[in-house]
Amino acid sequence: MRGGDPLTPEPIPLARPLIDEREEQLVLEVLRSGRLALGPMIERFEGALGDRLGARYVAAVSSGTAGLHLAVRLAGITAGDEVITSPFSFVASANCLLYEGALPVFADVDERSFNLDPAAVEDAITPRTRAILPVDIFGYPAELAELRELAERNGLAFIEDACEAVGAEYRGRPLGSLGHPTVLAFYPNKQMTTAEGGAVAVGTEEEWRLVKSLANQGRSDDGGWLQHVHLGFNYRMDELSAALGVAQLEKLDRLLALRAQAAEYYTAALKTSVDVELPWPDNPEHRRSWFVYVVKLAEGVDREAVITAMSAEGIATSRYLPAVHLQPYMRERFGHAEGLAPVCENISRRTLALPFFPSIAREQQNRVVGALKRAIDRAQ
């Protein structure tokens, strides 16, 4: 109990990975091998992940952000190019463009799925546009067919940010198996974790070899250790992270099922609340992989007061997500202001992430739901 007070319930965190003896076993196996980098566990992880995704070519990297940067490099995006992407995302999906001197162009999102609106993307295409970079936000697949058709019709590259969506499916196929570069991430709050880490799924061996080289300081496959054929980066995944990944992949079905059950419980408990809009449900084309459970509060509810009230009861929440174009560095650099993406901005002001992780107990969820309802009642 918190503070030693038996009447004070334990705090409920926002996220927590599910780690058990299998992860310990594989990490210990790596430690005992003495091979901590560029070893067999990386190959084992890439193979297992590729099998899971239905992707023949998968390259493990140090983070989802690193994977996005490499995918941008792979697409040949350079300084001055425009890339259309989502303003409702984690900042990495825009930052990976800035790293190459490209300009992120923010198209607005759909008010239900929170993903890029294809009509808004089409309106944003200019002669300087070089790529479209959709985000599968909160694990819900974007409108990939429509967006890819736009890209193909306009001769644009296509990069998918699936960093929040491992295990999700679009039109019956796992994300990562559709042929275009797709980036995944495995931070500890994700569906599966490698601590830090990510991966890039690509459609050809040539692309895979280039990603592997760029992630390893531009070294070549057939050259010496200190022979560099590209300007590369230190974006390698280490063997310990790969060991975690192998163990997590072995239980991924269980992790996804536990998350889906927790989401179902929240939805049932909150479905009668008129002050909370629940996550958009799956349909025949979109099968979500539950990353976070985010609700949208009704207009007029003071979100900050809700956050403060829930924190006072030991319950963590978070503002998911601030609009990327309104981040301080984006305002300062590009002069972005409110009104650029009104649907996104409205969503961003009202969304709230609740505690959500595979091992969350029903008693904890009941506490969250009760605290949320009390906080909303006081915050109107």
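Brief remarks follow.
- Pairing residues of the range 262-282 that are among the β-branched types (Val, Ile, Thr) with residues that are surrounded by 17 or more Cβ atoms within 10 Å (Cβ to Cβ), at Cβ distances under 6 Å and at least 6 apart in sequence or on separate chains, gives VAL276/LEU270; VAL276/VAL295.
- Among the conditions (1) touching a residue at least 12 places away in the same chain (Cβ under 8 Å); (2) closer than 18 Å to VAL72 by Cα, the only one that MET237 does not satisfy is (2).
- Hits in the range 127-152 - residues which are open to solvent by 10 Å² or more (accessible area, probe 1.4 Å), in a loop (DSSP other than H, G, I, E, B), within 22 Å of ARG73 (Cβ to Cβ) and out of contact with any strand residue (DSSP E or B) (no Cβ under 6 Å at 6 or more places or on another chain): none
Quick grid of which residues meet (1) within 30 Å of LEU156 (Cα to Cα); (2) open to solvent by 70 Å² or more (accessible area, probe 1.4 Å):
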position	(1), (2)
GLU21	no, yes
LEU26	no, no
GLY34	no, no
MET41	no, no
GLY47	yes, no
ARG52	yes, yes
GLY67	yes, no
LEU70	yes, no
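- Test: residue in the range 317-325 that is open to solvent by 60 Å² or more (accessible area, probe 1.4 Å), assigned to a loop (DSSP other than H, G, I, E, B) and hydroxyl-bearing (Ser, Thr, Tyr): no
- Checking every residue in the range 221-233 against the condition of being in contact with a strand residue (DSSP E or B) (Cβ under 7 Å, 6 or more places away or on another chain), assigned to a loop (DSSP other than H, G, I, E, B), open to solvent by less than 60 Å² (accessible area, probe 1.4 Å) and modelled with pLDDT under 95 gives at least one match.
- The criterion of being within 30 Å of PRO40 (Cβ to Cβ) and of a type outside the set (Ser, Thr, Tyr) holds for LEU252.
- On the stretch given as the range 11-49, residues that are closer than 30 Å to ASN366 by Cα and outside any helix (DSSP H, G or I) total 10.
- Residue count for the range 106-118 under the criterion of being open to solvent by 10 Å² or more (accessible area, probe 1.4 Å) and at negative phi: the result is 8.
- Among the residues making up the range 81-94, none is open to solvent by 30 Å² or more (accessible area, probe 1.4 Å) and free of Cβ contacts under 8 Å to residues at least 60 places away in the same chain.
- Matching option when the condition is of a type in the set (Ser, Thr, Tyr), open to solvent by 60 Å² or more (accessible area, probe 1.4 Å) and in a loop (DSSP other than H, G, I, E, B), among THR8, THR78: THR78
- Any hit, the range 208-220, residues being at pLDDT below 95 and touching a helix residue (DSSP H, G or I) at 6+ places or on another chain (Cβ under 9 Å): yes
- Residue within the range 184-201 that is in contact with a strand residue (DSSP E or B) (Cβ under 8 Å, 6 or more places away or on another chain) and either surrounded by fewer than 22 Cβ atoms within 10 Å (Cβ to Cβ) or farther than 21 Å from PHE90 by Cα (or both) present: no
- Residue among LEU98, LEU103 that alone is in contact with a strand residue (DSSP E or B) (Cβ under 9 Å, 6 or more places away or on another chain), under 23 Å from ARG130 (Cβ atoms), without any contact (Cβ under 8 Å) to a residue 12 or more places away in the chain and open to solvent by 10 Å² or more (accessible area, probe 1.4 Å): LEU98
- For the range 237-275, the set of residues classified as of a type in the set (D, E, K, R) and crowded, with 20+ Cβ neighbours inside 10 Å consists of ASP238, GLU239, ARG259, listed by residue number.
- Once the range 202-216 is narrowed to residues that are among the charged types (D, E, K, R) and farther than 17 Å from LEU184 by Cα, the residue that is most open to solvent (accessible area, probe 1.4 Å) is GLU206.
- The range 281-316 - residue that is assigned to a loop (DSSP other than H, G, I, E, B), of a type in the set (A, V, I, L, M, F, W, C) and closer than 19 Å to ALA371 by Cβ and, of those, farthest from the chain's Cα centre (by Cα): VAL301
The values are calculated or read from the model by the stated rules, or taken from the named source; none is laboratory data. Everything quoted here is computed from the prediction, not taken from an experiment. Backbone-built Cβ (ideal geometry, glycine too); neighbour counts: all protein chains shown. Please note that ligands, DNA and RNA were not included when accessible areas were found on the heavy atoms of the full protein model with its side chains. Shrake-Rupley method; radii C 1.70, N 1.55, O 1.52, S 1.80 Å.
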